[in-house]
Amino acid sequence: MRTFDGSEDLRGARFVGADLSGARFVRADLSGAVMRGVELQGADLDAPWLSAPFLVNGVDVVAFVDAELDRRFPGRELRRAAEPGSLREAWAALERTWTRTLDRVAAMPAGTPDVSVDGEWTFAQTLRHLVMATDVWLRRAVLGVEQPYDPIGQPNAEYEADGNDMAVFSRPDPTYDEVLASRAAHVALVRDFLAHVTAAELETVRANPWSPEYPETTLSCLQTILEEEWEHHRYAVRDLDVIDRG
């Protein structure tokens, strides 16, 4: 199977009568792609930053998708909370959701947290990435910790390619119990911060941890954490369902 890894420039390419059945697009930029008279039966599209307009047969489906995900994952609709009280409510709902999922994993066969589905992150790696997300957006961006990273964190695929130091993640193979302990501590860190945050503090300007030239606020950093949590929970549940089906 041929792999296009970004070395070829396919921007603006035209595929006419091409057979792309079974093709897999990972971290590919398909913005502005136009498909006409295509066969999409069984297609599986996952776009965590899906935004309008996204047209299927002339219908913008973004609002429909968003509403359906909110229905499937109660509490997700609170991820854009903007006041201290509603942010605390949003985090509490998220904690309840993850607790149920952790209980589900605990009841599954031994080794389940380390099973990868279709090359995606394992459940343990997903938790480790959320540890990193909290370190980036709360410890670094909001609290200003100079070296914010837990060594068990799981960086995103672009982290090293963007010139960042991978040495800070010096524990690439922690035990699942160690992952759970770190994850619990980071969840508590967010909970404790939200317990005391004020409306004025939410408006405080922060530097974007990836692009300092673009300002953030405490609120936007917290909302990014909520987005990360809900998206990765969705991925985790998707893969757990596959594992359950054998």
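A few points about this structure:
- Within the range 98-113, being closer than 16 Å to Glu178 by Cβ and among the aliphatic types (A, V, I, L, M) holds for Leu102, Val105, Ala106.
- For the range 44-60, a residue qualifies if it is hydrophobic (A, V, I, L, M, F, W, C), in a loop (DSSP other than H, G, I, E, B) and surrounded by 10 or more Cβ atoms within 10 Å (Cβ to Cβ), and the qualifying residues are Leu45, Ala47, Leu50, Ala52, Phe54.
- The one condition in (1) over 18 Å from the mean Cα position of the chain (by Cα); (2) among the β-branched types (Val, Ile, Thr); (3) within 30 Å of Val197 (Cα to Cα) that Val105 fails to fulfil: (3)
- Single residue of the range 68-116 satisfying the filter (open to solvent by 70 Å² or more (accessible area, probe 1.4 Å) and in a loop (DSSP other than H, G, I, E, B)) that is farthest from Val237 (Cα to Cα): Glu83
- Check on Val205, open to solvent by 70 Å² or more (accessible area, probe 1.4 Å) and in contact with a Ser or Thr (Cβ under 9 Å, 6 or more places away or on another chain): yes
- In the range 207-223, of all residues being of a type outside the set (Phe, Trp, Tyr) and under 17 Å from Gly163 (Cβ atoms), the one that is modelled with the highest pLDDT corresponds to Asn208.
- Annotation note: of Ala184, Ala199, the sole residue that is within 20 Å of the chain's Cα centre (by Cα) and open to solvent by 20 Å² or more (accessible area, probe 1.4 Å) is Ala184.
- Checked against (1) closer than 27 Å to Ala124 by Cα; (2) out of contact with any Leu (no Cβ under 8 Å at 6 or more places or on another chain); (3) part of a helix (DSSP H, G or I), Glu201 passes all but a single condition, namely (1).
- Within the range 92-108, no residue that is hydrophobic (A, V, I, L, M, F, W, C) and modelled with pLDDT under 95 sits with its Cβ atom under 9 Å from a residue that is part of a helix (DSSP H, G or I) and crowded, with 16+ Cβ neighbours inside 10 Å at 6+ positions apart or across chains.
- Looking only at the range 204-237, residues that are assigned to a helix (DSSP H, G or I) and without any contact (Cβ under 8 Å) to a residue 60 or more places away in the chain come to 1 in all.
- Residue within the range 176-199 that is hydroxyl-bearing (Ser, Thr, Tyr), in contact with a strand residue (DSSP E or B) (Cβ under 9 Å, 6 or more places away or on another chain) and closer than 23 Å to Glu95 by Cα present: no
- Top-ranked residue in the range 132-173 [being touching a residue at least 60 places away in the same chain (Cβ under 8 Å) and of a type in the set (A, V, I, L, M); ranked as surrounded by the fewest Cβ atoms within 10 Å (Cβ to Cβ)]: Ala157
- Residue in the range 118-131 that is open to solvent by 50 Å² or more (accessible area, probe 1.4 Å) and over 27 Å from Ala28 (Cα atoms) present: no
- Taken over the range 119-137, the criterion of being touching a helix residue (DSSP H, G or I) at 6+ places or on another chain (Cβ under 8 Å), farther than 30 Å from Pro215 by Cβ and either among the charged types (D, E, K, R) or part of a loop (DSSP other than H, G, I, E, B) (or both) is satisfied by Glu120, Trp121, Thr122.
The values are calculated or read from the model by the stated rules, or taken from the named source; none is laboratory data. Keep in mind the model is a prediction, meaning the values are calculated, not measured. Please note: Cβ atoms are built from the backbone with ideal geometry, for glycine as well, and neighbour counts cover all protein chains shown. Note: accessible area is taken over every heavy atom of the protein model, side chains too, but ligands, DNA and RNA are not part of it. Shrake-Rupley method; radii C 1.70, N 1.55, O 1.52, S 1.80 Å.
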